[in-house]
Amino acid sequence: MPAWNLGDFMSHATARIGRRSDIAASTVSFYVNMAYQEVAQAQPSALMEQLTVSSTTSGENRIELPSNCLEIINVSWLTTAGGGSARTLRRISADRADQAGFSPNGVPQEFVLFNNWMELWPSPNSSYSLQLRYMGYPTDMVSITSVPSLASEWRPAVLYLAEALLHEFVGNDMEGAQARARYAGYAMSLKNTEARRQSIQGGMRASMPMRKSRYRGGSNPSKGW
């Protein structure tokens, strides 16, 4: 299995468009990272999952999200808030929270996402510890030895898309369209494989209703019941 570091992507991408040595390395790196960002956000990987801990202050309901937060996975208590057992918080809309109001203070049970922060509802009445699981933005590959935060099977997709972007950069529109089709086909094949794997893990089930329940009111029309 290839190492799939930035140097590998750059070398193979330029080779695939005709061994173009006239394209600056910085340009090739830019388009490889652009392809990486697009693939990573289209198919988030477990390698992008992050975890952080934050504490509340009595009366202050706003907690700033991590700067690299792409999507919230789960928000939960680390402390037994209000004497209850540890639990997760539910996400609600800003409209619902604003209609209800954030006061009086209490033990937050829900949260609202807005701008680059999270608002706890109702506002906390004490100091509590929260754990935030989230999907982070992929970090650009900067050095030649940098590797993407993607599962190995998705790394060829970065190469195919980088090839398409470089073709488009040098004006090879037809070759670029073909490379994009190759990327789309590869990505779809992986998604189909994952869907089949999940269906097998879920198992197959069937139900058979009792005969009389097939008829309205449990009656059998043939007997006039």
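Structural remarks
- For region 16-50, a tally of residues being modelled with pLDDT under 95 and among the small types (Gly, Ala, Ser) returns 6.
- Count - residues of region 125-157 that are out of contact with any Phe, Trp or Tyr (no Cβ under 8 Å at 6 or more places or on another chain) and closer than 30 Å to Val107 by Cβ: 8
- Evaluated against (1) under 14 Å from Val75 (Cβ atoms); (2) of a type in the set (Gly, Ala, Ser); (3) surrounded by 16 or more Cβ atoms within 10 Å (Cβ to Cβ), Ser129 falls short on exactly one condition, (3).
- Some residue of region 52-72 being within 25 Å of Tyr137 (Cα to Cα), out of contact with any Gly (no Cβ under 8 Å at 6 or more places or on another chain) and of a type in the set (Lys, Arg): yes
- Complete set of residues in region 35-70 that are more than 19 Å from Phe111 (Cα to Cα), surrounded by 15 or more Cβ atoms within 10 Å (Cβ to Cβ) and among the small types (Gly, Ala, Ser): Ala35, Ala40, Ser45
- First in region 22-44 and touching a residue at least 40 places away in the same chain (Cβ under 8 Å), second anywhere and of a type in the set (Val, Ile, Thr), Cβ under 8 Å, 6 or more apart: Ile23/Thr14; Ile23/Val170; Val28/Thr14; Val32/Val158; Ala35/Val158; Tyr36/Val158; Val39/Val158
- Among the residues listed as Val107, Val75, the single one being outside the structural domain of Ser11 (by TED's automatic domain parsing) and touching a residue at least 40 places away in the same chain (Cβ under 8 Å): Val75
- Index of the failed condition, Pro44 passing every other in (1) within 19 Å of the chain's Cα centre (by Cα); (2) not in a loop (DSSP other than H, G, I, E, B): (2)
- Residues that are surrounded by 18 or more Cβ atoms within 10 Å (Cβ to Cβ) and of a type in the set (A, V, I, L, M) were ranked within region 132-149; the one that is nearest to Tyr31 (Cα to Cα) is Met141.
- Number of residues in region 18-69 that are basic (Lys, Arg) and over 28 Å from Arg180 (Cα atoms): the value is 1.
The values are calculated or read from the model by the stated rules, or taken from the named source; none is laboratory data. Note that the structure is a prediction, hence the values are computed from the model and not measured. Methodologically, a virtual Cβ is constructed for each residue, glycine included, from the backbone with ideal geometry; neighbour enumeration extends over all protein chains shown.
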